[in-house]
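Here the structure is laid out as structure tokens; the discussion comes afterwards.
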Amino acid sequence: MTLTYLDWVIIVIYLTGCMVAGIWMRRFVRGMEDFAVAGREMDVNLGIASLAATELGLVTIMYTAQLGFEKGFAGATIGVIMALAMYVVGRTGFVIQPLRAAGVLTIPELFEKRFGIKVRWLAGLFVVLGGVLNMGIFLRLGGEFLVYATGLPIGYLEWVMTALLGLVLVYTALGGMLSVLVTDYLQFLVMGLGIVVTSVLVMANLGWTGIVDGLSQSWAAPQNGAAATGLKMSAHPFNPLHSSSFGWGYILWQLVFQTAVVTTWQTTISRVLSSKDEHTAKRIYRRTAFYLVGRFGLPGLWGAAAFVYFAKQGALPEGLDSLTAMPAYLSTILPMGLIGIVVAAMLAAEMSTDSGYLLTWATVIANDLVEPCVKKPLSPAGKLLLTRTLVLGIGVFLLFYGLWYQLPGNAWDYLAVTGNIYLASVFTLLVGGLYWPRANAYGAYAALILGAIGPLTFLVVNAVVSKSHQIAPEVAGASSFGLAFLGMFLGSWLTSDSDKVAASSVAL
Amino acid sequence: MKNIFILFWAVMIFSSIAWYAFLLFYVGFKGGREIGRMTRKLKQQSSPGPKGTSGP
């Protein structure tokens with residue numbers, strides 16, 4: 001597929017609009033509070049747009065479509081669970097309400113009030129390592145979508161994504177969260193339009209019945225039809241509880257995991273901390289919750305449709321796999337003129353996620369890793385300069401680590417483990433710190449260490465044993481949470497209360 | 001049993017498309033007004049007094 005003149009006009013207008021809006025917001029940045037949490041002036045609808053745009057990146061679209069391709073509609077179950085978790089947290093205020101009330105810039109900052117400065121620093125390190133490494137894969141996967149959806153030569157991938165990251169870096173470093181919020185709003189609109197248009201086109205192309213029948217036939221008769229040519233649905237395409245799909249164990253594990261994600265993932269929590277008050281934060285969560293069903297369900301629909309389409313063709317064309325099948329399929333159904341909107345939408349998805357993540361991790365490094373180590377407190381201007389420099393620094397790091405340098409081995413396993421280290425330990429510290437009066441610094445250290453040792457052990461074990469003896473992801477994940485909570489309980493219970501640091505300073 | 005799951009996913013998928021389309025207009029309208037309010041407030045805060053010259 002070749003982009004027409006009209007497509008290019010749409011893309012250029014979108015990019016210019018984002019840059020102008022992003023740079024324009026720079027004039028309102030007076031200090032760190034404006035830069036990191038938008039002066040805590042974010043209201044409900046802007047919060048919905050920002051949260052939805054940040055958490056729906058091009059990388060999300062790629063892997064949720066892959067789930068749709070491999071597991072059918074059942075692959076979207078994770079989105080349903082995540083939506084449920086976000087709604088319950090938004091209804092009850094679990095974790096997010098006291099977190100917002102504490103008036104902190106980051107999660108580790110809260111830990112200093114509860115457990116002391118060393119715990120803050122160590123937790124900050126976990127947050128940054130997990131977050132930055134997680135983000136390392138975004139650019140390449142996003143670039144692969146653009147290459148396969150538009151027919152761009154593969155050699156352009158690195159250059160296109162470098163230019164895109166450059167644009168994001170300019171407005172994020174200048175305007176911080178204020179620029180991120182306004183560009184997220186524009187990106188939410190463009191992205192939403194592209195997702196709706198694409199979903200309608202997919203439905204029009206194969207029809208709901210056509211997709212359902214195609215998946216059913218491939219699953220029910222693996223010895224015939226599509227399966228005979230090498231493309232078969234090996235998991236039940238509708239029932240996530242079926243043993244060939246996720247199964248009960250994985251679903252139960254996801255209930256815990258997604259609760260941790262919506263209460264602990266720093267980019268999500270940044271929107272809680274930027275909101276006007278706790279009540280606004282809870283409303284943002286409740287109203288964004290159902291968006292997460294579509295976050296998995298709609299790209300999942302495209303992935304499932306891609307499976308049915310290529311199954312009818314006989315097999316996947318050479319060079320395609322379950323990850324790149326969806327953009328390749330879309331390139332066959334998107335009419336000229338609409339491809340510009342869809343490409344702009346996908347650029348929006350990539351840019352909104354990148355900007356939110358860059359700002360968040362830079363803020364944590366400045367606020368929780370650097371500032372506690374300097375003897376003389378940084379001036380507001382100095383802290384702002386440091387954070388802006390870190391935004392640029394992380395951008396350069398990602399460029400080489402995630403785009404120009406190819407990760408050896410299975411990057412997904414590596415990232416899943418690092419993400420688990422962060423979520424298990426930091427979630428435990430948050431829950432213990434906010435809801436258990438006996439939690440203390442010893443428990444926090446034990447939770448951080450055990451939360452890290454567990455997943456690393458599983459990584460090593462899975463690397464040396466045969467595939468049939470490897471530990472299942474849900475067992476590895478649940479164990480890391482179990483170990484972190486055990487560490488918090490035993491560490492706090494077995495030691496005295498003498499090391500508690502200003503335990504009452506946090507509003508519980 | 002299979003039909004129940006198919007019905008469930010049909011509701012989820014079609015509701016998602018409808019929800020995304022609705023939010024496009026609802027959040028588009030309300031969010032735009034909130035940006036206007038936020039920038040006005042930030043502009044007032046950044047002005048030191050009646051003669052303040054900072055801001056756009």
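Hey, what number do you get for chain A at 222 nm if only DSSP H runs of n ≥ 4 count, each worth -39500 (n - 2.57), divided across all residues, to the nearest 500?
-24500 deg cm²/dmol
Compute the relative contact order of chain A as a whole-number percentage, counting only Cα pairs closer than 8 Å that sit 6 or more residues apart in sequence.
32 percent
Taking 18 Å as the cut-off, the amide N atoms of the range A:4-29 that come nearer than this to a point 7 Å along the Cα-to-beta-carbon line of B:Q44 belong to A:28-29.
Rolled with a 1.4 Å probe across the full set of protein chains, the surface gives A:S243 an accessible area near 110 Å². Using a 1.4 Å probe on protein heavy atoms only, how many Å² of accessible area do A and B hide from each other, summed over both chains and rounded to 100? The summed interface area works out to 3700 Å².
In chain A, the portion of solvent-accessible area held by carbon and sulfur atoms comes to 67 percent [1.4 Å probe, whole percent, DNA, RNA and ligands not counted]. Take each residue in B:36-45, count the other chain C-beta atoms within 10 Å of its C-beta, and the mean is 4. Between helix A:441-464 and chain A there is an angle of about 30 degrees, using the helix long axis and the longest principal axis of the Cα atoms. Using a probe of 1.4 angstrom and keeping all protein chains present, the accessible surface of the range A:22-109 works out to 24 square angstrom per residue. Legend: mean number of C-beta atoms from other chains within 10 angstrom of residue C-beta atoms, peptide B:24-30, equals 6. Considering only Cα atoms, the convex hull volume of the range A:274-397 works out to 180 Å³ per residue. Peptide A:291-298 shows a mean partner chain C-beta count of 5 within 10 Å per residue C-beta. Each label point was placed 7 Å from the Cα along the Cα-to-Cβ direction; for A:R91 and A:K376 their separation is 5.4 nm.
Specify which residue in the list A:V29, A:L46, A:M135 is farthest towards the positive end of the charge dipole of the range A:1-137, using unit charges on the beta carbon of Lys, Arg (+1) and Asp, Glu (-1), about the Cα centre. Looking along the dipole axis, the top candidate is A:V29. Scattering from the C-alpha atoms of the protein assembly as shown alone, worked out with Debye: what is log10 I(q)/I(0) at q = 0.10 1/Å? Here log10 of I(q) over I(0) equals -0.83.
Put a dot 7 Å past the Cα of A:S234, heading toward its Cβ, do the same for A:K276, and the two dots end up 5.2 nm apart. Of A:A345, A:G319, A:L378, which is farthest towards the positive pole of the range A:297-405's charge dipole, taken about the Cα centre with +1 and -1 on the beta-carbons of Lys, Arg and Asp, Glu respectively? Of the listed residues, the answer is A:L378.
For the residue pairs A:K276/B:K30; A:K232/A:K312; A:K113/A:K383; A:K118/A:K375, the alpha carbons lie more than 18 Å apart in A:K113/A:K383. Remark on A:T495: its backbone amide H falls under 5 Å from none of the residues 5 or more positions apart or on other chains, H modelled at 1.01 Å from N. Rounded, prolate or oblate: which one fits the range A:1-112, using the alpha carbon gyration tensor with axes a ≥ b ≥ c (rounded when a/c is under 1.5, else prolate when a/b beats b/c, else oblate)? Taking the square roots of the gyration eigenvalues as a ≥ b ≥ c, the range A:1-112 is oblate.
3J(HN,Hα) couplings calculated from phi for the range A:339-355 with the Karplus curve 6.51 cos²θ - 1.76 cosθ + 1.60 (θ = phi - 60°) are, in sequence order, 4, x, 5, 5, 5, 4, 4, 6, 4, 4, 4, 5, 5, 5, 5, 4, 5 Hz; Gly and Pro show x.
Go through A:S468, A:G454, A:L301 and say which Cα lies farthest out towards the positive end of the charge dipole of chain A; charges sit on Cβ, +1 for Lys and Arg, -1 for Asp and Glu. The Cα lying farthest towards the positive end belongs to A:G454. Rounded to the nearest whole Hz, the Karplus-based 3J(HN,Hα) values (6.51 cos²θ - 1.76 cosθ + 1.60, θ = phi - 60°) of the range A:157-169 follow the sequence 3, 4, 6, 5, 6, 5, 5, 5, 5, x, 4, 4, 4, with x at glycine and proline. With protein chains left intact and a 1.4 Å probe, residues in the range A:247-341 average 30 Å² of accessible area per residue. Put a dot 7 Å past the Cα of A:L129, heading toward its Cβ, do the same for A:A204, and the two dots end up 5.1 nm apart. Burial of accessible area (probe 1.4 Å, heavy atoms of protein chains only) in the range A:179-199, relative to its chain alone, reaches at least 30 Å² for A:Y185, A:F188, A:L189, A:V196. On alpha carbon coordinates alone, what is the Rg over Rh value for the range A:110-209, Rh being the Kirkwood radius? Taking Rg over the Kirkwood Rh, I get 1.12.
The values are calculated or read from the model by the stated rules, or taken from the named source; none is laboratory data. Nothing here was measured: the structure is a model prediction, and the numbers come from that model. Positions of Cβ are backbone-derived with ideal geometry, glycine not excepted, and every protein chain shown enters the neighbour counts. Remember, those area values only see protein heavy atoms, side chains included, never the ligands or the DNA or RNA. Shrake-Rupley method; radii C 1.70, N 1.55, O 1.52, S 1.80 Å.
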